[in-house]
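*Asks:* Have a look at the structure that comes next, please.
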Amino acid sequence: MHVFVTGATGFIGSAVVKELIDAGHQVVGLARSDKAAEALLAAGAEVHRGSLEDLDSLRSGASTADGVIHLGFNNDFSNSTNVFEIDLYAIKTLGEALKGSNKPLVTTSVITVLKSGCIGAEEDGTDPNSVGAPRIASEEAALSFADQGVRVSVVRLAPCVHDENRQGFATALTYIAHEKGISAYVGDGLNRWPAIHRLDAAKLFRMALESATAGSCLHAVGEESIPFIDIAEAIGSRLNLPVKSISKEDIDKHFGWLAQFAITDNPTSNALTQKWLGWKPEGPTLIADLERK
């Protein structure tokens, strides 16, 4: 399959590109810089110059492909509204380019669009009051193409996509702990986060491209329920810092932009994802990667 990939040189995207190529697919990656183009060529992929804001480049890349994986996301949250609008327009453009073709489009969302405090399943609806609510419009836009001749699926990523070098939101927590001098959790720290190893996530994106049913939401979750206190203790051990509970009144001051995520309880099931695709996460645990020194 000739696959167009946005975000192809990112932390997850670069693993997806390798996974696709190793499985025999041809990959064309979106590149906005010479550095990104060089990385794609070194990985064995072709280069399509453009950006997420350049809708013409997205349209042409998608229209000549057999399938699309959309992983690109602008992480500059200094203008958060614009960040989410860019993603929304990108998804709409990719979907329109594939409309009526029955070709696969795999887009990316987040587990935190689901309701906090209960075990989230793939078929659960999103919660407009969730911390991930700004991503809901993009998820809904993607799924709308299932009735328009696109085999679209949405992969909801856990907040901690990890390997031995990076651990997603847990890496941000590590930076905060280093800056503040403590590794903190809130209250009893028993709120739960899911996590997934980077290579397991890459495999899931590839399998979604190949066989996911139109309109399906898939959970990129390896570990379904990790108590936040366990993450804080692993970070404290790694940095040789004290691990302490803080009150809800102090979370904004301590965690900054991560404050609401630090108290979110998002245990998440991957049972249907495994059943539908035959996918099985096999990578190391988040705590194992956090404890590497």
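The values are calculated or read from the model by the stated rules, or taken from the named source; none is laboratory data. Remember, it's a predicted structure, so these values are computed and weren't measured experimentally. For neighbour counting, all protein chains shown are included, and Cβ atoms are generated from backbone atoms with ideal geometry for every residue, glycine included.
*Asks:* Which residues, counting only those in the stretch 231-255, are touching a strand residue (DSSP E or B) at 6+ places or on another chain (Cβ under 9 Å) and of a type in the set (D, E)?
*Replies:* E233, D250
*Asks:* Can you tell me which of (1) of a type outside the set (S, T, Y); (2) in contact with an Asp or Glu (Cβ under 7 Å, 6 or more places away or on another chain); (3) buried (at least 22 other Cβ atoms within 10 Å of the Cβ) is the one I86 doesn't meet?
*Replies:* (3)
*Asks:* Follow-up. Does the stretch 233-256 contain any residue that is under 20 Å from the mean Cα position of the chain (by Cα), of a type in the set (D, E) and assigned to a helix (DSSP H, G or I)?
*Replies:* No, there is no match, as no residue in the stretch 233-256 is under 20 Å from the mean Cα position of the chain (by Cα), of a type in the set (D, E) and assigned to a helix (DSSP H, G or I).
*Asks:* Shifting gears a bit: Which of the residues that make up the stretch 14-24 are buried (at least 20 other Cβ atoms within 10 Å of the Cβ) and not β-branched (V, I, T)?
*Replies:* S14, A15, E19, L20
*Asks:* Further question: Please indicate, with yes or no, whether at least one residue in the stretch 225-246 is within 25 Å of D127 (Cβ to Cβ), among the charged types (D, E, K, R), surrounded by fewer than 17 Cβ atoms within 10 Å (Cβ to Cβ) and in the same structural domain as T171 (by TED's automatic domain parsing).
*Replies:* No, every residue in the stretch 225-246 fails to be within 25 Å of D127 (Cβ to Cβ), among the charged types (D, E, K, R), surrounded by fewer than 17 Cβ atoms within 10 Å (Cβ to Cβ) and in the same structural domain as T171 (by TED's automatic domain parsing).
*Asks:* Inspect all residues belonging to the stretch 114-129 and state whether any of them is within 18 Å of F84 (Cα to Cα), touching a residue at least 24 places away in the same chain (Cβ under 8 Å) and in contact with a Ser or Thr (Cβ under 6 Å, 6 or more places away or on another chain).
*Replies:* Taking every residue of the stretch 114-129 in turn, none turns out to be within 18 Å of F84 (Cα to Cα), touching a residue at least 24 places away in the same chain (Cβ under 8 Å) and in contact with a Ser or Thr (Cβ under 6 Å, 6 or more places away or on another chain).
*Asks:* Go over the candidates T108, T93, T112, T9 one by one and state the one that is at pLDDT 95 or above, under 21 Å from T273 (Cβ atoms) and not in a strand (DSSP E or B).
*Replies:* T112
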